[in-house]
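Contents: one structure, followed by commentary.
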């Protein structure tokens, strides 16, 4: 009889090597599936992540002689380390006071002959407490905003109720002729808070306000036009109310005010609390209107406005991007598989100047709660890296004081599929191992019998 290819002493080693190769291959394949299924869902902010935020100190915003922070709402997750850059485009030094943090001196922009060169001030801090915290210029308290720190455990979120007051600007022709804007576009409160809103109209025509969930309507008086062409803003106070119902609710202008009337909308965001009513919102389509404003923070520092979009989990999100810049921009929101959407540039008209253009982002279901970055995906100049914003998806709570649904339906299905694939893959590998090892066993038996 011919000697077998493998000797009896070689067979156990061969089998071990074969199984080692199979095991290594299995691990590599499983890892590949893990990256394919898990990694795309892990890009949301999580505790310990360093988050880069960019705030502009903007004087006389919208011609209103009213200094503002731009944006006025910043959203992060509990435990994040915040790397905040404050870009001062005005010529006044001030102290930035973030609630719960030491004050920071913000240097003034450098005054040139007719312009101010912006100056950046870096602020680094970690957010351990949760809730809604104010930030303001200590010397100009009306120049303020909100830092919203979302809890990692919504079921235990139980902040004390308080009174929150907002000054809401009306900016005429913000996104083109007849496209007026509420600023800021989102007001964030906790469930149970008392809300005071003052609208400051910098337009020479009246506007309206309606917030259906709380039965509120109002006429917002027009600003007073002066002989020199300037407008003295006029304030209108809305009847105070208590934010008893959690969720994201739209308010809108009720007086036709031009071609952009239907886009003159904003959001009241009421964060659900542990002791509030059960929170399980019916999914709706949330219409969001982003405007691209060029050179907001200096030459080539363009900006999305607003740069924080709030929705409820499982809402359908409809985003319209209105470009008032003659440059091409982009839009990417990787967590929801929206990548490199080209934003059509505005056009030049010899008579009326820049004509904005609209680009609609594909609708998507906000199935995964959290804070997700969107950004310009087309290099647009020196400030390209700062042209970012955030989608904030509030989680749906099962019941009053219940545990939030932290795993979105689509993510759950993907996870189940992933686990099933791992099990199937391991079974296949074992079967292959048995098939591969069988000839070795036969040869070993032959070797033993021949010896």
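The values are calculated or read from the model by the stated rules, or taken from the named source; none is laboratory data. Being a predicted model, the structure only gives us computed values, none of them experimental. Every residue, glycine among them, receives a Cβ derived from its backbone with ideal geometry; neighbour counts consider all protein chains shown.
Tabulated data
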{"item": "Residue list for region 221-243, restricted to those being assigned to a strand (DSSP E or B) and over 30 Å from the mean Cα position of the chain (by Cα)", "result": "224, 225, 231, 232, 234, 235, 236"}
{"item": "Breaking point among (1) farther than 27 Å from residue 391 by Cβ; (2) in a strand (DSSP E or B), for residue 209", "result": "(1)"}
{"item": "Qualifying residue in region 278-285 (condition: buried (at least 16 other Cβ atoms within 10 Å of the Cβ), modelled with pLDDT of 90 or more and out of contact with any helix residue (DSSP H, G or I) (no Cβ under 6 Å at 6 or more places or on another chain))", "result": "no"}
{"item": "Selected residue (only one of 341, 354 is modelled with pLDDT under 95 and either assigned to a strand (DSSP E or B) or in contact with a strand residue (DSSP E or B) (Cβ under 8 Å, 6 or more places away or on another chain) (or both))", "result": "354"}
{"item": "Failed item in (1) surrounded by fewer than 21 Cβ atoms within 10 Å (Cβ to Cβ); (2) touching a helix residue (DSSP H, G or I) at 6+ places or on another chain (Cβ under 8 Å), with residue 339 passing the rest", "result": "(2)"}
{"item": "Criterion (assigned by TED's automatic domain parsing to the domain that holds residue 141, closer than 14 Å to residue 254 by Cα and under 25 Å from the mean Cα position of the chain (by Cα)) met by exactly one of 157, 182", "result": "182"}
{"item": "Given (1) crowded, with 21+ Cβ neighbours inside 10 Å; (2) under 22 Å from residue 189 (Cα atoms), index of the condition residue 216 fails", "result": "(1)"}
{"item": "Inter-residue pairs, beta-carbon under 7 Å, first assigned by TED's automatic domain parsing to the domain that holds residue 206 and in region 249-263, second assigned to a helix (DSSP H, G or I), 6+ apart", "result": "249/213; 253/261"}
{"item": "Within region 244-253, tally of residues that are assigned to a strand (DSSP E or B) and over 19 Å from the mean Cα position of the chain (by Cα)", "result": "2"}
{"item": "Top-ranked residue in region 190-242 [being touching a helix residue (DSSP H, G or I) at 6+ places or on another chain (Cβ under 9 Å) and at pLDDT 95 or above; ranked as nearest to residue 272 (Cα to Cα)]", "result": "242"}
{"item": "Filter pass, residue 258 being closer than 27 Å to residue 89 by Cα, part of a loop (DSSP other than H, G, I, E, B) and more than 20 Å from the chain's Cα centre (by Cα)", "result": "no"}
{"item": "Residue 51 vs. criteria modelled with pLDDT of 55 or more, touching a helix residue (DSSP H, G or I) at 6+ places or on another chain (Cβ under 9 Å) and surrounded by 15 or more Cβ atoms within 10 Å (Cβ to Cβ)", "result": "no"}
{"item": "The lone exception for residue 320 - which of (1) more than 17 Å from the chain's Cα centre (by Cα); (2) surrounded by fewer than 16 Cβ atoms within 10 Å (Cβ to Cβ); (3) closer than 24 Å to residue 75 by Cβ it fails", "result": "(1)"}
{"item": "Residue 124 touching a residue at least 40 places away in the same chain (Cβ under 8 Å) and either assigned to a strand (DSSP E or B) or assigned by TED's automatic domain parsing to the domain that holds residue 246 (or both)", "result": "yes"}
{"item": "Check on residue 105, in a strand (DSSP E or B) and either more than 27 Å from the chain's Cα centre (by Cα) or in the same structural domain as residue 372 (by TED's automatic domain parsing) (or both)", "result": "yes"}
{"item": "Checking residue 96 against (1) surrounded by 14 or more Cβ atoms within 10 Å (Cβ to Cβ); (2) assigned by TED's automatic domain parsing to the domain that holds residue 369; (3) at pLDDT 90 or above, the condition it does not meet", "result": "(2)"}
